[in-house]
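Participant: Before I ask anything, let me first share the structure, which is written out below as C-alpha cells.
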Amino acid sequence: MKTLLLMIAIAWLFPAHSADSVKPTTRTNYFDNIGRSDVVSGGVRMIEVQTPKGKFKIWTKRVGNNPKIKVLLLHGGPGATHEYFEACDSFFPAAGIEYYYYDQLGSAYSDQPDESSLWEVPRFVEEVEQVRQALGLNRENFYLLGQSWGGILAIEYALKHQEYLKGIVIANMMSSIPAYNAYAQKTLMPAMKPDVLAEILRMEAAKDYENPRYEELLNANYYINHVLRMPLGQWPEPVSRSFNRTNRKVYVLMQGPSDRGSALKPARLTRGPPETFQRRGLPRNSRSGDTTDMTTLKAKSPTRRPCRVMNFESAAYCGE
C-alpha cells in the first residue's frame, strides 16, 4: 500500500536525518502553543494569496511544535485535498515533527474560483511561496513533502526557491510528464483487460468523464492496482473523502480525466535525467521501487552542505 509505505518512509527518514533536532521533544513541548495565533482555531489559518485574478483564501492547519522541523504537505490531484494525508497523525507526532495540512487553491477547504487561467504550474509555485512566507517557514526548518501532483509542484518550487528549503520529500511521482505518459501507455494500459480498456477509451473519446461507469471501471481495474493497492472497500476513509471532494474542473484541465496518464501543461515538462537533479541539487525520484540508491547532490548555494538522497519505494528525500 503506497500510502502506508510513504508514511513509514517519512517517519523513518526525518528522525534518522535529524536525531539531534528532534531530541527530546517532550509531549509538553510538542503541544506548546504559547505565542501562536492559531490556538483558538485548532491550528487552522486562512492565508490570503495574491493571484493574477485577485486575492483568495487558502486553508492551512498546523499540528505540533518543533522549531527545527516544519513540514508543509503538498497534496496530489491537482484539485484533491489534504485529507488523505491524515495518516500523518499516526506517525509525525511520535517523531516530534511539526507539520502543516494545506489545501491548494481550488481544493475543497480553500477558495475555488472559476478561473481556468489560474490552473498553471508557475502560479501554483508562487502560491506555495506565499503560503511559506505567511507560515514563517525558513531554510533552517522548512521541509516540503509532495505526493503525486504535489511531487511535481515540490520539484518546481525547489527549482525556483531552493534557498528557502532545508529538505524535500517527493513521493509517488515521476519527474517527467513524457516518461509518465509513456509508462502508462506501454506498461500499465496493456496490463488491463482489453475489453475494459476499450470501454474506457471510448468514454474518453466521447469526453464522457462524469459517467458513473467511467469511474467504476477505473476504480476496479486501475486505481486499486496503481493508486492505492487495497480493495476499494478497504480504502481508508480520509482517502475516499479526498477523492470524493476532488475539484474535477481543476483535475481534468491539468491532469486529464484520470491518473492513467497526464495532460499536465506543458506536456513536455521534464526534469530528468537524474544527473540533471544532481547538478541542480534535487533528488532523483522514480516509481520503480528502487530502495537502494543514495546519491550526494551539490547544493545550489555554495554556503550550504550537499544533499543526501535516499529512495524508499517511490519516495525520494533530499535534505542537509
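The values are calculated or read from the model by the stated rules, or taken from the named source; none is laboratory data. This structure is a prediction, so every number in the text was calculated from the model and none was measured. Please note: Cβ atoms are built from the backbone with ideal geometry, for glycine as well, and neighbour counts cover all protein chains shown.
Participant: Is there any pair linking a residue in region 150-163 that is among the hydroxyl-bearing types (Ser, Thr, Tyr) to one that is buried (at least 18 other Cβ atoms within 10 Å of the Cβ) and part of a helix (DSSP H, G or I), with Cβ under 6 Å and at least six apart or on different chains, and which?
Facilitator: Going by the 6 Å Cβ cut-off, the qualifying pairs are Tyr157/Val125; Tyr157/Val128.
Participant: Are there any pairs, at least 6 apart or on different chains, whose C-beta atoms fall under 9 Å, with the first in region 238-255 and free of Cβ contacts under 8 Å to residues at least 60 places away in the same chain and the second surrounded by fewer than 19 Cβ atoms within 10 Å (Cβ to Cβ) and part of a helix (DSSP H, G or I), and if so, which?
Facilitator: Ser240/Leu232
Participant: Looking at the structure I just gave you, is Leu135 hydrophobic (A, V, I, L, M, F, W, C), surrounded by 15 or more Cβ atoms within 10 Å (Cβ to Cβ) and modelled with pLDDT of 95 or more?
Facilitator: yes
Participant: Kindly establish whether Gln162 is within 26 Å of Glu126 (Cβ to Cβ) and in a helix (DSSP H, G or I).
Facilitator: For Gln162, the condition - within 26 Å of Glu126 (Cβ to Cβ) and in a helix (DSSP H, G or I) - is met.
Participant: Let me ask something else. What pairs come up if the first residue lies in region 204-227 and is under 19 Å from Thr187 (Cβ atoms) and touching a residue at least 40 places away in the same chain (Cβ under 8 Å), the second is in a helix (DSSP H, G or I) and charged (D, E, K, R), and their beta carbons are under 9 Å apart, counting only those six or more places apart or on different chains?
Facilitator: Between residues of region 204-227 that are under 19 Å from Thr187 (Cβ atoms) and touching a residue at least 40 places away in the same chain (Cβ under 8 Å) and residues that are in a helix (DSSP H, G or I) and charged (D, E, K, R), the close pairs are Val227/Lys2.
Participant: Please work out which one of (1) farther than 16 Å from Val49 by Cβ; (2) in a loop (DSSP other than H, G, I, E, B) is the condition Ala94 fails and give its number.
Facilitator: Status for Ala94: all satisfied but (2).
Participant: Counting only residues that are outside any strand (DSSP E or B) and charged (D, E, K, R), which one in region 36-51 is farthest from Leu118 (Cα to Cα)?
Facilitator: Among those residues, the one meeting the criterion is Arg36.
Participant: Tell me which residues, restricted to region 52-65, are outside any strand (DSSP E or B) and free of Cβ contacts under 8 Å to residues at least 60 places away in the same chain.
Facilitator: Selection gives Gly64, Asn65.
Participant: Shifting gears a bit: Considering only residues that are over 15 Å from Asn172 (Cβ atoms) and either modelled with pLDDT under 90 or assigned to a loop (DSSP other than H, G, I, E, B) (or both), which ones fall in region 225-251?
Facilitator: Scanning region 225-251 gives Pro231, Trp235, Pro236, Arg245, Thr246, Asn247.
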